[in-house]
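The values are calculated or read from the model by the stated rules, or taken from the named source; none is laboratory data. Just so you know, these numbers come straight off a predicted model, no measurement behind them. For neighbour counting, all protein chains shown are included, and Cβ atoms are generated from backbone atoms with ideal geometry for every residue, glycine included.
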Number of protein chains: 2
Amino acid sequence: MAYRKTPTEMRRLEAAREHLVVCATEVVADVGWAQASVTAVADAAGIAAGSVYQHFSSKSALAVEVFRRAAQREVDVLGEVLEGEGDPADRLRRGVEVFTRRALENHGLAYALLAAPAEPAVGAERLAFRRRYRALFASVIEEGVAADQLPRQDAEITAAALTGAIGEVLVYPLSTPAAEDADLLVAGLTAVALRCAGAAP
Amino acid sequence: MAYRKTPTEMRRLEAAREHLVVCATEVVADVGWAQASVTAVADAAGIAAGSVYQHFSSKSALAVEVFRRAAQREVDVLGEVLEGEGDPADRLRRGVEVFTRRALENHGLAYALLAAPAEPAVGAERLAFRRRYRALFASVIEEGVAADQLPRQDAEITAAALTGAIGEVLVYPLSTPAAEDADLLVAGLTAVALRCAGAAP
DNA sequence: AGAAGAAGTGAATCACCATTCAGAGCTTCC
DNA sequence: GGAAGCTCTGAATGGTGATTCACTTCTTCT
């Protein structure tokens, strides 16, 4: 028994893992999952390819971790708004706005989370997180219906439409003036979203 | 000069190519782009892997052809309805219905066209075709606005929302009762679509 | 029939990456 | 200081799947 990990050493390892995840996220946001080879990610983090396997059992495991971290942040932010103060229609409007603005600000990451080709394990994660976005939208819509602020509707379909609409606009850019100006785009999207949910104009 | 292609021979070659494209489309609809290896596709068509290269210069070229054919059929059908008879809101309703029903009937193909991970060349085609779906929806919406049947709006954003909404529902199945029953799903989707465009209920 | 040339075959080749591993370099603790 | 046990390295390994090519089989035409 001549070696045991000291707390310092453990912190150093944890920090290295953290740094790897952060760098990998940047690489993915920049070049997409397909181009984010183990070598590219390791280079970005300033370590050797083999060292990645000190922290993750496979490339896939690292990819899943990258996805989860980033997606969880978005769910948290969106949940904060949708479950916060105000009447349902207003929260919905602000939710769409926040979701959109964040995606526009980090377009590469948004694309990676929403649509970029990825290995099956990441695809499964994506499915799970899309359900969570949808559930958040759906519950605010149901509140609105319960409060007679919104018409009767299948809240899950409306929620899916909202997620799809935002994703579509982000992933396949528009050719209208709105594409040039984030504020215009946000205004357009929130207007569609409110009509979609049947909120009085 | 001891050999020249006869018309019969040329027809035979054309038919072989056609057969290859059809079989490849089935394979893709069944197992997705990622699993559709040259060998798998050649096997399905009953030819050797090497023979694929008699008809296409690369796997990628074959994939693009498969995508184009299938996507073009959808654009044609959708265009037929959206540019056909009736007032704009009604055409829109029927367009959404047709788009949805066709996708539900051939779910594998719809997924391949709309969302399945694919090589970059197919991704580029996808982008081009999504623009065309959107343009079709956008022009019927604009007609509706011009005819004062629909409220003023950014037609492209609404069109994107429609494409996104339908795609989302098809690609990531719902957990509501509507998921069980195609008619219910179509009813729900057309309702959202009409609200989205602002059509009076 | 047989020469000339095309299409079809499928095993071999090639390219691309994730993953491994033997050795180099650190840390810990006596 | 130095033995023991860790982390880090990066070239070598291995698997996968597209592409090639020497060869076989089929068509055409004199």
* With the condition kept exactly as written, say whether any residue in region B:126-143 is touching a Lys or Arg at 6+ places or on another chain (Cβ under 6 Å) and more than 10 Å from chain A (Cβ to nearest Cβ). => yes
* Structure fact -> Within region A:93-125, the residues that are in contact with a helix residue (DSSP H, G or I) (Cβ under 8 Å, 6 or more places away or on another chain) and within 12 Å of chain B (Cβ to nearest Cβ) are A:V96, A:T100, A:Y111, A:L114, A:A115, A:A116, A:P117, A:A118, A:E119, A:V122
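I need a count of the residues in region B:144-154 that are within 13 Å of B:C196 (Cβ to Cβ) and more than 8 Å from every other protein chain (Cβ to nearest Cβ). It would help to see each step written out before you state the result.
The initial filter retains those residues of region B:144-154 that are within 13 Å of B:C196 (Cβ to Cβ), namely B:144, B:150-151, B:153-154.
Still in the list and also more than 8 Å from every other protein chain (Cβ to nearest Cβ): B:144, B:150.
Number of matching residues: 2.
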* **Condition met for A:L78 (more than 25 Å from A:V28 (Cα to Cα), more than 16 Å from DNA strand C (Cβ to nearest atom) and under 17 Å from the mean Cα position of the chain (by Cα))** => no
* Residue that is farthest from the other protein chains (Cβ to nearest Cβ) [pool: residues in region B:159-201 that are of a type in the set (D, E, K, R) and closer than 27 Å to B:S139 by Cα] -> B:D183
* So how many residues does region A:92-125 have that are crowded, with 20+ Cβ neighbours inside 10 Å and part of a loop (DSSP other than H, G, I, E, B)? -> 3
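Given the structure, is A:A159 assigned to a loop (DSSP other than H, G, I, E, B), surrounded by 18 or more Cβ atoms within 10 Å (Cβ to Cβ) and modelled with pLDDT under 95?
It is false that A:A159 is assigned to a loop (DSSP other than H, G, I, E, B), surrounded by 18 or more Cβ atoms within 10 Å (Cβ to Cβ) and modelled with pLDDT under 95.
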